[in-house]
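**Student:** Structure below; questions to follow.
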Amino acid sequence: MQDQLIVRGAREHNLKNITVEIPRNQLVVITGLSGSGKSTLAFDTIFAEGQRRYVESLSAYARQFLGQMEKPDIDSIEGLSPAISIDQKGVSHNPRSTVGTVTEIYDYLRLLFARVGVPHCPICGRVISQQTPQQMVDDILVLPDGSRILVLAPLVRERKGHHQRVFEDIRKAGFVRVRVNGEMRDLTDDIELDRYKQHTIEAVVDRLIVRHDQDAEATGDFRTRLTDSVETALKLASGVMVVSILGDPPEDRVYSEHFACPDHGTTIGEIEPRTFSFNTPHGACPTCQGLGTKLEIDPELVVPNPDLSLAEGAIAPWSRNGYDGEGYYAQLLQGVAEHYHFSIEKPWRELKEEHRELILRGSGGQSINLNYRNRAGRQRVYETVYEGVIPNLERRYGETDSDYARQDIEQYMSSRPCPTCNGARLRPEALAVTVGDHNIVQVTALSIGEALRWGRWLRYGTADGGPTTEDGRRTTEEGLGNREQGWGGEPGANGANGHSSALSPRPSPLSSRDMLIAEGILKEIEARLGFLVNVGLDYLTLDRRAGTLAGGEAQRIRLATQIGSQLMGVLYILDEPSIGLHQRDNARLIQTMLRLRDIGNTVLVVEHDEETMRSADWIIDLGPGAGEHGGEVVAAGTLETILQT
């Protein structure tokens, strides 16, 4: 294999027909003045050509979706490996992306909580246990006499597909009805589902009316039939059953042979990794759909200038084209003012609080008389209920199909924590599952350094645990600082957020059986968290939104992720990864890049940092000036060679 990457005749941008020889499987630093051509050589020439060759290796069908990539202005490049660019662009602007999801640590946490998590009742917090069929029957018999119920066996829960095989199996089992996405269907009909949408399919096992007859024999017959139906549904749906109480509105109760609260009857279905995913309907908070926030009309944006009066256009969304007193909303406000006896000429801040609330929130169902003159000059008097500015905007926002109209209303909205989950993003059932007295949201709220201590505590029984070498040094290379505190310091010792108060020195809460299950998961979590600590990101929290990361932080996260992938024979190109990094963390960053090199990769770094240059195997200095005065190779070689010249 060729041991050098050779670039001949590079003329991209301000490069002046240069030829550069770069040793493979080495840490190479390209340095020079800003504008001297460093990024042009690394990204616009070497990486661009690597990407172009990769695209050309694909089929003609695939290339039509990727577009034609132009060849950089060069004569040739030899010895080019598959290239990965790790620049300072943001990781993701998706509001669902967090540090935990980008690094895939959250995926392992979901698996950990699904396999060894301890479920609690979301209402009282009591550890819940499995239910027997008899307990389910007893709970159903508590319903009022005459209650009409359906005993359902859930066979498909929120999964995509046409599911024709499921319908066929239900028919063969002797059932005649099925509930599909909440709608009753007859199995004699042809049921066609959109295979690209999620569906819930439940077989109707029995339809019953709860009876509390004085006749013991009749009551016994009903109980026997109910018990048989419950056992049939549990067997059909692998231990899960739904009782739908018909009414207005109907109520569904989920029963499981797995977990249920004896006090409140609260039941948690099968715990699986998607239970803890805020990107799927199965785990996401139903109010905010897993975003953790909701857009709400902000009164301060609706009335941006409280010194204006209603007549002067204080209500911004109702007076954007000027307030002439003739429009519908202007006449509506005039009618409200006359009905409740206040002046629209008075500045907003001088109106009584009750009148301001009335204008913003509405009349609460009370009717007012409105004199309205239309554009044709015709006047009519009618009685109406004043809706209010905020309800009016909310209704229009929910009803419109126009993206323009939605964007127009969004300028009067602010992002607020979801009132249901308080920003946790998950359903209460997911938040009620704990590992080591922490639910998954509390773990992701820890900083990366604290989360690493938490993982070590679970795995070894101490935050400082782990295998050691013969001289007593830890085999892990994470320099956490203040490690002697471990996870058992005083409350708040490991950060101002106070998570450390629960981290007293104590044995791991995992049993030997749980540890057997969790060992591999915890090992992977610890390794990935360690990579992030090594690049100086121990202060970030796992629930930090990816869109709020600085360029340097985003680059180091991708760098840590690449280390975890353990790829070999790759050309990594980095753009000043030390930007924004404290000097004390620079050594760990350099060790990370050296680790990438040691497993068989070429690491090409555009950098100004002296410590990084001194650690490099090869240095290329471009210059001597910037712009048209740059683009030449001033020096190339090892640090010792360059210092001697």
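**Student:** So if I take the centroid of the Cα atoms in segment 612-645 and the same for segment 276-310, what is the distance between those two points in Å?
**Tutor:** If we compute the Cα centre of each part, the gap is 53 Å.
**Student:** Same structure, new question: Using Cα pairs closer than 8 Å and at least 6 residues apart in sequence, work out the relative contact order for the chain, in percent.
**Tutor:** Numbers: 1176 pairs, mean separation 141.8, N = 645.
After rounding, I find 22 percent.
**Student:** Rounded to the nearest whole Å², what accessible area per residue is found for segment 355-462 with the 1.4 Å probe?
**Tutor:** Ligands and nucleic acids excluded, the figure is 49 Å² per residue.
**Student:** Here is a further query. Obtain the nm distance between the two label points defined at GLN366 and ALA173 by a simple spin-label model: each point lies 7 Å from its Cα along the Cα-to-C-beta direction.
**Tutor:** 5.7 nm
**Student:** If you take the C-alpha gyration tensor of segment 97-186, multiply each eigenvalue by 5 and take the square root, what semi-axes do you get, largest first, in whole Å?
**Tutor:** Taking √(5λ) for each Cα gyration eigenvalue gives 33, 25, 12 Å.
**Student:** Apply 1/(1 + (r/R0)^6) to the Cβ-Cβ distance of THR188 and GLN566, taking R0 = 60 Å, and write down the FRET efficiency to the nearest 0.05.
**Tutor:** Values: r = 56 Å, r/R0 = 0.93.
Efficiency, rounded to the nearest 0.05: 0.60.
**Student:** So, in nm, how far is label ASP248 from label THR548 when the simple model puts each one 7 Å beyond its Cα toward the Cβ?
**Tutor:** According to this spin-label approximation, the distance is 4.6 nm.
**Student:** Which pairs break 25 Å Cα to Cα here: LYS38/LYS71; LYS172/LYS235; LYS294/LYS346; LYS160/LYS235?
**Tutor:** Result: LYS294/LYS346 exceed 25 Å.
**Student:** How far, in nm, would the chain grow between GLN164 and HIS212 when pulled straight, counting 0.36 nm per residue and subtracting the alpha carbon separation?
**Tutor:** The GLN164-HIS212 span can extend by a further 13.3 nm.
**Student:** Sorted by average packing, counted as other Cβ atoms within 10 angstrom per residue and highest first, what order do 426-436, 558-568 take?
**Tutor:** Ranking, from highest mean packing down: 426-436, 558-568.
**Student:** Quote to one decimal, in nm, the extra length available between GLN2 and ARG416 on full extension: 0.36 nm per residue of separation minus the C-alpha distance between them. Write out the running numbers ahead of the final one.
**Tutor:** Values: separation 414, 0.36 × 414 = 149.04 nm, distance 5.71 nm.
Extending this stretch completely gives an extra 143.3 nm.
**Student:** Given an 8 Å cut-off on Cα distances and at least 6 residues of separation, report the relative contact order of segment 55-209 as a percent.
**Tutor:** Relative contact order of segment 55-209: 21 percent.
**Student:** Apply the a/c threshold of 1.5 to the C-alpha gyration tensor of segment 569-608 and tell me whether it is rounded, prolate or oblate.
**Tutor:** Oblate shape, in that a/c is at least 1.5 and b/c is the bigger or equal ratio.
**Student:** Here's another thing I want to ask about it. With a 1.4 Å probe and all protein chains in place, put ARG378, ARG52 in order of accessible area, largest first.
**Tutor:** ARG378, ARG52
**Student:** A follow-up question, please. Please report, to one decimal in angstroms, the Kirkwood hydrodynamic radius of the chain built from all distinct Cα-Cα pairs.
**Tutor:** Result for the chain stands at 30.7 Å.
**Student:** What's the FRET efficiency of LYS16 with ALA60 using the Cβ-Cβ distance as r and R₀ = 51 Å, to the nearest 0.05?
**Tutor:** Values: r = 37 Å, r/R0 = 0.72.
So the FRET efficiency works out to roughly 0.90.
**Student:** Turning to a different aspect of this structure: Which distance in nm do the two modelled labels at LEU143 and THR384 give, with both placed 7 Å along the Cα-to-Cβ direction?
**Tutor:** 4.5 nm
**Student:** When you count, for each residue, the other Cβ atoms within 10 Å and take the mean per peptide, how do 177-189, 630-642, 532-544 rank with the highest first?
**Tutor:** Result, highest mean first: 532-544, 630-642, 177-189.
**Student:** Still on this structure, please answer the following. What's the angle, to the nearest 10 degrees (0 to 90), between helix 586-598's Cα axis and the longest principal axis of the chain?
**Tutor:** 80 degrees
**Student:** While we're here: Quick one: with all protein chains in place, what share of the accessible area of the chain is carbon or sulfur, to the nearest percent (1.4 Å probe)?
**Tutor:** Of the solvent-accessible surface of the chain, carbon and sulfur hold 47 percent.
**Student:** Ok, one more. Could you work out the local net charge near VAL435, counting Lys and Arg as +1, Asp and Glu as -1, over the other residues with Cβ closer than 10 Å to its Cβ?
**Tutor:** -1
**Student:** Which whole-Hz couplings ³J(HN,Hα) result when phi for each residue of segment 237-254 is put into the Karplus expression 6.51 cos²θ - 1.76 cosθ + 1.60, θ = phi - 60°, listed in order with x for Gly and Pro?
**Tutor:** Values, residue by residue: 10, 6, x, 10, 8, 10, 10, 9, 8, 6, x, 10, x, x, 10, 9, 10, 9 Hz.
**Student:** Using only the heavy atoms of the protein chains and a 1.4 Å probe, how would LYS235, LYS523 rank by accessible area, largest first?
**Tutor:** Sorted by accessible area, descending: LYS235, LYS523.
**Student:** Another question about this same structure. Rounded, prolate or oblate: which fits segment 83-233, taking a ≥ b ≥ c as square roots of the Cα gyration tensor eigenvalues, rounded meaning a/c under 1.5, else prolate when a/b beats b/c?
**Tutor:** Values: a/c = 3.37, a/b = 1.71, b/c = 1.97.
Verdict is oblate for segment 83-233.
**Student:** Taking all pairs of distinct Cα atoms, average 1/r, flip it, and tell me the Kirkwood hydrodynamic radius of segment 27-66 in Å to one decimal place.
**Tutor:** One decimal place: 11.9 Å for the Kirkwood radius.
**Student:** Only helical DSSP H runs with n ≥ 4 go in: add -39500 (n - 2.57) per run for the chain, normalise by residue count and round the 222 nm mean residue ellipticity to 500 deg cm²/dmol.
**Tutor:** Values: 20 runs with 200 residues, N = 645.
One gets -9000 deg cm²/dmol as the mean residue ellipticity at 222 nm.
**Student:** Now a separate question. Want the number for ASP107 to SER343: 0.36 nm per residue separation, take away the alpha-carbon distance, what's left?
**Tutor:** 79.1 nm
**Student:** A further question follows. Estimate the FRET efficiency between ASP221 and ARG126 by the formula 1/(1 + (r/R0)^6), using the beta-carbon distance for r and 25 Å for R0, to the nearest 0.05.
**Tutor:** About 0.10, to the nearest 0.05.
**Student:** Show me 41-48, 509-516 ranked by packing, highest mean number of other Cβ atoms within 10 Å first.
**Tutor:** Listed from highest to lowest mean packing, they are 41-48, 509-516.
The values are calculated or read from the model by the stated rules, or taken from the named source; none is laboratory data. Every value quoted in this text rests on a predicted model; they were computed, and no experiment measured them. Heads up, the Cβs are rebuilt from the backbone with ideal geometry, glycines too, and the neighbour counts pull from every protein chain shown. In case anyone asks, the SASA skips ligands and DNA or RNA and just uses the protein heavy atoms, side chains included. Shrake-Rupley method; radii C 1.70, N 1.55, O 1.52, S 1.80 Å.
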